[in-house]
Structures are given as C-alpha cells and as structure tokens.
Amino acid sequence: MAIEKKEEEKISILLEDLASLESYSRDLFVFLPLPVCLVSSIGIILEANPSFEKISGYKIDECIGTAIENIFEETEIERLAKETFKEGFIRSRETNIFTKDKRKVPVSISTVLRKSAEGEVIGYFIGLFDLTEIKFKENQLKQAQTALLNMLEDTEELRNRAEEEKNKTLAIITNFTDGLLVFDKEGKLSLINPQAEFFLDIKSEEVIGNPILKLSTFPTIEPIVRIVGKEMEEVFRKEVQIGKNWVLEVSTIPITIKEGGLGILIILHDVTREKTVERLKTEFVSLAAHQLRTPLAAIKWTLRMLLDGDLGQISKEQKEFLDKTYVSNERMINLINDLLDVARIEEGRYIYKQSLVDLGPIVQFVINSYKEEIERKKINFIFLKPKEKLPRIMVDVEKIRLALNNLFDNAIKYTPPEGKVIISLRSAKKAIEFSIKDTGVGIPKDQQERVFTKFFRAANVMRLETEGSGLGLFIVKNIIEAHQGRAWFKSEEGKGTTFYFTLPAKEEFSEFLKEF
C-alpha cells in the first residue's frame with residue numbers, strides 16, 4: 001500500500017509539473033513578441049498568438065479554422081509547406097502576407113514540423129518577423145545610395161568639365177598672340193605664356209613665384225614694372241619700349257569673382273609694326289612738309305608783293321583772282337604747319353619753352369584775336385572769369401595758345417550766327433580747368449570716339465564747312481597731355497559741344513623742378 005501511495009504521489013507531481021509546463025508554454029505562446037501560428041497538416045490554422053493577430057489584422061477567433069492560404073499567397077504557401085514537410089524546417093525566408101484589409105506586409109518566415117508522440121507529422125509551426133521597418137530603412141538607404149551615386153556622377157562630370165575648361169583656357173593662353181602675365185592675390189607671378197616669354201626673352205622657371213618688385217631686376221620686365229607700379233595699378237594701352245626690338249602696349253585687368261579678387265592680369269600687345277609704319281609715315285610727312293614749305297613761302301611773298309602793288313599796278317579783276325590765290329596758299333601753309341606740328345608731336349620734340357604763367361591772360365589774348373569774327377557772326381560770347389586768383393601753371397605759352405586757337409576756331413566756326421559761346425576758367429583740385437561751350441552743330445554720337453584722332457572731321461561738319469585738316473583736336477589733346485593735363489568733351493548733335501582741359505597748377509617754380 002505504501003508503495004502504491006508513493007507512486008500515486010509521483011504521478012500527481014508529474015501531472016502538476018506537466019500542467020505547469022503546459023501553462024508556461026501557453027503563456028509563452030501568448031506573450032511571445034513574434035507572430036506565431038500552428039497549422040495543421042492540411043493547411044488549417046489551429047492556433048495563433050496575439051502578435052499574429054496584430055500583424056494579420058484578423059482576430060484570433062477569425063484566424064482559427066481559417067485556411068492558411070487566406071493570409072499567404074496560395075502558390076507561395078504551398079511551396080513553403082512542401083519544403084517544410086520535406087526538410088523539417090525553413091529558416092528566415094523572405095515573403096509577404098496579406099492582411100485582412102488586403103495590405104501587403106513583407107515578413108521573414110520560419111517554419112518547423114510538429115509531430116505527435118508517435119512521430120507522426122500532424123502540422124507545422126509558422127513564425128513571422130515583420131520586415132516593414134527594415135524594408136523602409138532599406139528603401140531609404142537605397143535612395144540615399146542612389147542620390148549619392150548621382151552626386152558622385154555629377155561631381156565627376158563637373159570635374160571633367162572643369163578639367164576640359166581648364167585645358168581649353170590653358171590652350172588659349174598658350175597660343176594667345178598677346179603676352180600674358182598672371183599675378184595671384186599675393187602679387188606673385190603664377191603664370192606666363194610663351195608669347196610673353198618671347199617678348200621679354202625670359203623663361204617661366206626664372207620668374208614664376210616672384211613678386212612684382214623682384215621681377216623689376218630683369219632688364220626686360222623693369223620698364224613694365226615702372227608703368228604698372230608695385231601695386232599694379234589699372235593701366236590701359238600704355239606704350240613701353242622693350243629693348244631695341246619691341247614696342248608693346250601694356251594693359252592691366254583685375255581678375256575677380258563674386259567672393260573677391262583673385263589677382264591681376266597684365267596683357268602685352270605687340271604694336272612694333274604699327275609704330276614702325278607710323279614712324280616711317282611721320283618721317284615722310286615731315287620731309288614732304290619741309291620740302292613744300294619753302295616754295296609755298298616764296299609764292300606767299302610774291303603774291304603779297306603783287307597785291308601791295310610793289311611790282312606794278314594791277315586791275316580790280318586781277319586783284320580778286322590774286323586774293324583768292326593768296327587765301328588758298330595760306331590754307332596750304334596752315335596745313336603744312338599742322339602736319340609739321342603732328343610730326344614733332346609724334347617724334348616727342350614738341351614742348352620747348354616752358355615758363356610759370358597765369359592762364360587767364362593767355363585766354364584773353366586768344367579771345368581778342370577772334371573779336372572781329374565774333375562781332376561779324378553776332379555771337380553771344382561770355383567769358384566766366386574766376387572770382388579768386390588762380391594758381392600759376394608751367395607751360396609752353398606758344399603751344400597753349402595754339403591749343404586755345406584750335407578750340408576757339410572750332411567753336412566760332414561751327415556755331416551759327418547769333419549763337420552762344422561760353423568760356424569758363426576755374427580752379428579744380430591742384431589743377432586749372434578750362435572749358436569752351438558752344439551751341440553749334442554738335443558731334444554725332446557714333447563718331448565721338450574718333451574726335452581726338454588725326455584727320456577726323458564729323459560727317460555733319462563736312463556738309464557745312466569743306467575747309468579744315470582734321471588735325472586741330474589731335475594737336476590740342478597732345479599739347480595738353482604733354483603738359484601732364486587731360487582733355488575731354490561732351491557733345492549732343494544739334495545742340496552743341498563743350499570741350500574741357502585741365503593743367504596741373506604749379507605754385508612755385510621750385511615745385512615744378514621737384515619733378516625732375
């Protein structure tokens with residue numbers, strides 16, 4: 001009896017343990033965070049946990065007794081079941097389930113066979129892992145990867161394009177007919193093209209990386225440094241002689257971007273041939289003018305003697321013809337004088353006798369010489385004299401008179417009768433400014449750039465007045481610039497023109513001498 005009782009107690013304990021195990025298994029099944037369901041051998045869901053309920057959208061009561069094909073795609077679940085029955089399990093296979101509301105959910109599925117105590121297959125367990133978040137992250141990662149690859153492709157394309165543009169630019173610079181010197185923002189030479197090397201008779205390795213002041217030690221570069229200065233100031237088409245072989249025009253251009261300056265570009269343009277031709281032409285004009293001057297002077301004095309009756313009495317008709325001949329001869333002499341002035345200007349030997357003077361009396365002298373013409377045309381002539389005493393200027397008086405004569409001649413000649421001419425003289429920033437304003441025909445806008453060039457005459461003027469050499473304003477500009485002054489104008493066709501020039505003021509002769 002005692003033995004039987006002990007056996008019963010053991011069985012009772014085992015049954016209690018089994019019940020506890022079943023309860024534990026049930027609790028584990030219910031609270032398992034992964035969706036799990038039990039499927040029979042014929043594909044009917046026998047049991048499902050709350051996590052399965054959540055992922056599928058079906059209530060547990062709706063799941064139990066439902067064919068597994070309602071949740072999985074039929075062909076897919078058949079393939080998975082067949083493999084499970086054959087292999088005994090499936091580990092982490094990606095597939096999709098379809099929720100109650102027909103939404104597709106990516107999952108990782110694992111299966112394992114369920115057997116009875118006798119070893120007979122009675123179904124299989126299905127465990128799911130929701131891949132929605134992972135797939136979303138994967139998709140984001142792919143998009144980021146695609147975007148990055150696109151950026152890399154774009155960057156590579158831009159790099160290739162930049163390299164191509166760089167090669168094009170270098171090819172242009174290398175083959176450019178002008179000499180180019182590129183200085184960086186620190187003022188050091190960073191690039192010199194072959195043409196500049198040729199002009200300056202230097203090699204790039206000798207000068208690259210050197211600042212402008214150090215470059216002045218090279219004899220061929222020193223004249224350029226003298227023009228642009230150590231700060232490489234803005235210069236436009238300034239001529240410089242390089243050795244005996246070259247005459248170059250020097251221009252500087254700042255290299256800038258939105259963020260600021262990158263450096264300075266110096267351009268060397270070869271004008272040697274033009275200057276040679278110009279010199280030969282000037283020499284020819286000078287020679288021809290000198291050869292013509294002597295016979296024209298002889299003709300002038302012979303005509304003068306005839307007109308004055310020194311060679312006998314002449315009739316009225318003869319006198320009229322001789323007067324016309326004398327005037328024409330005077331025009332020829334004036335033209336020859338203008339040509340000789342131009343030749344002297346171009347040879348750089350035009351300003352001779354400089355003295356410290358007041359400009360006012362010089363202007364008044366020229367005005368007085370035109371009084372008859374002003375009265376004849378009834379021109380309203382106004383001279384706006386300065387209220388304060390003007391500083392003196394160092395000038396060649398004869399040449400300044402010539403410049404004023406040319407300006408007065410144009411103003412009076414091209415202003416219609418009863419028009420107006422206003423002369424102004426004033427002090428302006430260590431200089432004296434002169435202006436002459438007329439109400440004449442004006443200068444066409446499309447021709448204004450050529451006003452100070454040789455032999456220029458505006459089209460509207462040539463229709464009105466056939467006389468004139470077109471050299472007057474060229475001479476004016478060169479006389480003023482030879483005195484370190486500046487000449488310019490403003491004009492509107494049909495309304496008139498105002499010519500200006502400035503001359504530097506020199507209070508004392510000693511101040512002038514300081515410049516030498």
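The values are calculated or read from the model by the stated rules, or taken from the named source; none is laboratory data. Keep in mind the model is a prediction, meaning the values are calculated, not measured. Neighbour counts run over all protein chains shown; Cβ positions are idealised from the backbone, glycine included.
Side notes on the structure shown:
- Looking at THR169, THR177, just one residue is loosely packed, with under 12 Cβ neighbours inside 10 Å and in contact with a helix residue (DSSP H, G or I) (Cβ under 9 Å, 6 or more places away or on another chain), and that residue is THR177.
- Residue match in region 237-248 (condition: exposed (fewer than 12 other Cβ atoms within 10 Å of the Cβ), under 30 Å from ASN175 (Cα atoms) and in contact with a strand residue (DSSP E or B) (Cβ under 6 Å, 6 or more places away or on another chain)): yes
- Every test in (1) assigned to a helix (DSSP H, G or I); (2) touching a Leu at 6+ places or on another chain (Cβ under 6 Å); (3) not acidic (Asp, Glu) is passed by PHE321 save one, and that test is (2).
- Search result, residues across region 210-228 that are in a loop (DSSP other than H, G, I, E, B) and surrounded by 12 or more Cβ atoms within 10 Å (Cβ to Cβ): ASN210, SER216, PHE218, PRO219, THR220, ILE221
- Top-ranked residue in region 385-422 [being touching a helix residue (DSSP H, G or I) at 6+ places or on another chain (Cβ under 7 Å) and part of a strand (DSSP E or B); ranked as farthest from GLN484 (Cα to Cα)]: VAL421
- Residue that is nearest to LYS413 (Cα to Cα) [pool: residues in region 437-470 that are at pLDDT below 90, charged (D, E, K, R) and not in a helix (DSSP H, G or I)]: GLU465
- Pairing each residue of region 295-309 that is over 17 Å from GLU320 (Cβ atoms) with any residue that is modelled with pLDDT under 85 and not hydrophobic (A, V, I, L, M, F, W, C), provided the two are 6+ apart or on different chains, yields C-beta distances under 8 Å for LEU296/ASN329; ILE299/ASN329; LYS300/TYR326; LYS300/ASN329; LYS300/GLU330.
- For region 86-99, a residue qualifies if it is without any contact (Cβ under 8 Å) to a residue 40 or more places away in the chain and either outside any strand (DSSP E or B) or in contact with a Lys or Arg (Cβ under 8 Å, 6 or more places away or on another chain) (or both), and the qualifying residues are LYS86, GLU87, GLY88, ASN96, PHE98.
- Residue within region 109-131 that is over 21 Å from ILE44 (Cα atoms) and within 60 Å of the chain's Cα centre (by Cα) present: yes
Conditions (1) surrounded by fewer than 16 Cβ atoms within 10 Å (Cβ to Cβ); (2) closer than 23 Å to ILE333 by Cα; (3) more than 35 Å from the chain's Cα centre (by Cα), marked per residue:
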{"site": "SER427", "(1), (2), (3)": "yes, no, yes"}
{"site": "SER435", "(1), (2), (3)": "no, no, yes"}
{"site": "THR439", "(1), (2), (3)": "no, no, yes"}
{"site": "PRO444", "(1), (2), (3)": "yes, no, no"}
{"site": "PHE455", "(1), (2), (3)": "yes, yes, yes"}
{"site": "GLY472", "(1), (2), (3)": "no, yes, yes"}
{"site": "ASN478", "(1), (2), (3)": "no, yes, no"}
{"site": "TRP488", "(1), (2), (3)": "yes, no, no"}
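- If the condition is being assigned to a strand (DSSP E or B) and at pLDDT below 90, then region 471-516 contributes only ALA505.
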